[in-house]
Amino acid sequence: MNYVRAYGDPFGDDAPASQLRNFLRLLPGNGMRGAWSLDSVRAHDEDATAPIVTVHDCQRTLAISTRLPPAEVELLQRAADEAAPSTAPVVVFAAESRLAAAVRAAGLRFPQACVVVAARAASSASDLIQRVRAELRWAGMENPTFARDELELAPWRALPPVASSGPLLCVAIDGHDDGVDLAIAAWRRARAADSRPLRIVLTHESPALAKTVCAALGDDVAEAELVTAPFTAELARDVAAILLPWRRVRELRVLVHALASGRPVCASRYAATASLLCAGACLPIGGRVVASAAGETAFAPEPRSLDKALAVVTVDPVRAAAIGCRARAFVGAELTRGRPIAPPLPVRPAVTTPPVIVVEAAWNAGDEAAERANALVRALSLRADVTVQCVYACRARLDAASLAEAAPEVAARLVRAPDRADVWVAAGSSLRAVRPACRHFVVGVVGLTDAATADFSPLLAQECDVALTTDAGLAAALRAAGRKADGVVAWDAPAAAAAFVAGRALGALRVAEPVAIPAVAPRVVIGVRSPAAV
């Protein structure tokens, strides 16, 4: 997998900008694919005489005045569209005075990158390409859990942009666990405002399955399209969204293919599927994990949450298309086999104290959640009995310079990947979907309405250990959703919140055992050297 990611600002008229564009230009001829991150574009003074160009990725749209020729802008757009694996090497382009800071920012933005390379002014694009080749040979390859082969995913990733007026699609595997009855009911409820048809793909010939689906459709069977065939990319070509309100996981391959299609996916999000439905890559269907009479567990999707997800497709197709774009990028980043291996984790002697508290937030967001997270870190940093590490939400943009000025306690504790955590506090208006590796998981709920709690269940109601909240109404909604009274804690004064979190950490002191931890700073290669010199 010959991917490389460029990090830098290509719109300037300085040498690093020209170096970056030349690097991207030469990659295809050297058998490599280049991605570029819009995160690395700096603020520019507007040139009133220069034309405005627009470049976009799945997260944002950048309109900037530039005199770059159209071919160069097209080059940058292709690189912004490229879904590189999250472990791909990163090459950083910046002026010498800002290079060290840019390397640190790139390492924090892409913590899984197998290497972060600093492009010195004397390094030619050809030299940098050879440097990256050497790093890829050193890195080796890995196959993440649930990942699929690039060749298998190619037809799905090659589908054209989503058609906002197309039909809805759901996949019938057994007729019950796949939640086809729930998809049909939601489609019926939405038909008053939206008359688009429903396509049901029966993945195998089964009279019993066809009978179950037809019974669920009832009098609306003539308004639906039933297709008995394997779920292929062609069946998703013209659809507006894919509905997967699963009660149990049967074929995760179907979910990966749906995400790779670039169509917005409305899917049940709970512990079994959350790792595939994070980073804003889906329209989540919340609900509860329930036990059957036989003692088995299943997921019970919440109809209100399914209706809300489906409404985004019908009411806000621009947002729905952006979510589908993020889903396709997520598959390229996390669910494709043969990606480079991240650096090996160093091993350090076992420690028992102090316990480690990780605080995760969108630090530069400037909203209430970020301010509360900043205050929590400041209060925790005054304690000598805990170690505090900070990470930032994967979809947030990090401005390291402004963060160092506004919250130096946070900036000093930022790490690419944290130590094994005794307590992990996820504080933000955009909640993470997956429980991190930690002993106690605490969610700081800010800016979430009572009605939205279903979208984040069972994470909030069942899977996290404690929910910190500032709103009495939301606290009541969480308790009504099944959270125990002592699992909802008021998040008021920073000192009180810090005392609570530290108490949780001190009650979870680790036993003495070897601990493998990632390096705090990114591995950096300065300039171009031989592989043996690294």
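Only the coordinates and a few stated rules stand behind these numbers; no lab work does. Please read all numbers here as calculations on a predicted model, not as lab measurements. Methodologically, a virtual Cβ is constructed for each residue, glycine included, from the backbone with ideal geometry; neighbour enumeration extends over all protein chains shown.
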Subject >> Charge context of Ser275, other residues only, Cβ under 13 angstrom, K/R +1, D/E -1 >> reply: +1
Original post:
Once you mark the GluC sites (Glu not before Pro) that are in a DSSP loop and have at most 12 other Cβ atoms within 10 Å, what is the longest gap between them in the chain?
Top reply: 297-534
Original post:
What spacing in nm lies between the two simple spin-label points modelled at Ala437 and Ala50, each 7 Å away from Cα in the Cβ direction?
Top reply: 4.4 nm
**OP:** Please report the Cα spread of region 152-334 along all three principal axes, rounded to whole Å, starting with the longest.
**Re:** 39, 37, 32
Original post:
R0 = 60 Å: FRET efficiency of Ser126 with Leu226, Cβ-based, nearest 0.05?
Top reply: 0.60
Original post:
So how do Leu243, Leu168, Leu75, Leu151 line up by other beta-carbon neighbours within 10 Å, fewest first?
Top reply: Leu151, Leu75, Leu168, Leu243
Subject >> Neighbour-count order for His257, His56, fewest beta carbons within 10 angstrom listed first >> reply: His56, His257
Original post:
Which ordering of Lys484, Lys308 is given by a fewest-first count of other beta-carbon atoms within 10 Å?
Top reply: Lys484, Lys308
Subject >> Tensor-based shape of region 1-98 (alpha-carbon gyration tensor, a/c under 1.5 rounded, otherwise prolate or oblate) >> reply: prolate
Subject >> In nm, spacing of pseudo-spin labels at Asp194 and Arg237 (7 Å Cα→C-beta vector) >> reply: 2.3 nm
Original post:
Using alpha carbons only, what's the Rg to Rh ratio of region 209-313 with Rh from Kirkwood?
Top reply: 0.97
Original post:
How high is the FRET efficiency from Asp492 to Asp385, r the C-beta distance, R0 25 Å, rounded to 0.05?
Top reply: 0.70
Subject >> Options (1) 1.01; (2) 0.95; (3) 1.26 - which one matches Cα Rg over 2.2 N^0.38 Å as calculated here >> reply: (1)
**OP:** For Asp465 and Val290, calculate 0.36 nm times their separation in residues minus their Cα-Cα distance, and state this gained length in nm to one decimal.
**Re:** 61.2 nm
Original post:
Based solely on its DSSP helices, what 222 nm [θ] is calculated for the chain when runs of n ≥ 4 H residues each add -39,500 (n - 2.57) and the sum is averaged over all residues, nearest 500 deg cm²/dmol?
Top reply: -9500 deg cm²/dmol
Original post:
Which whole-Hz ³J(HN,Hα) couplings does region 307-313 yield from phi under the Karplus relation 6.51 cos²θ - 1.76 cosθ + 1.60, θ = phi - 60°, glycine and proline marked x?
Top reply: 4, 5, 5, 5, 5, 4, 5
**OP:** Please give, to one decimal in nm, the separation of the simple spin-label points placed at Ser165 and Asn143, each 7 Å out from Cα toward the Cβ.
**Re:** 4.4 nm
**OP:** Pull out the extension gain between Asp177 and Glu74, defined as 0.36 nm times the separation in residues minus the alpha carbon to alpha carbon distance; nm, one decimal.
**Re:** 32.6 nm
**OP:** Take the Cβ-Cβ distance between Ala485 and Ser206 as r, set R0 to 60 Å, and report the resulting FRET efficiency rounded to the nearest 0.05.
**Re:** 0.80
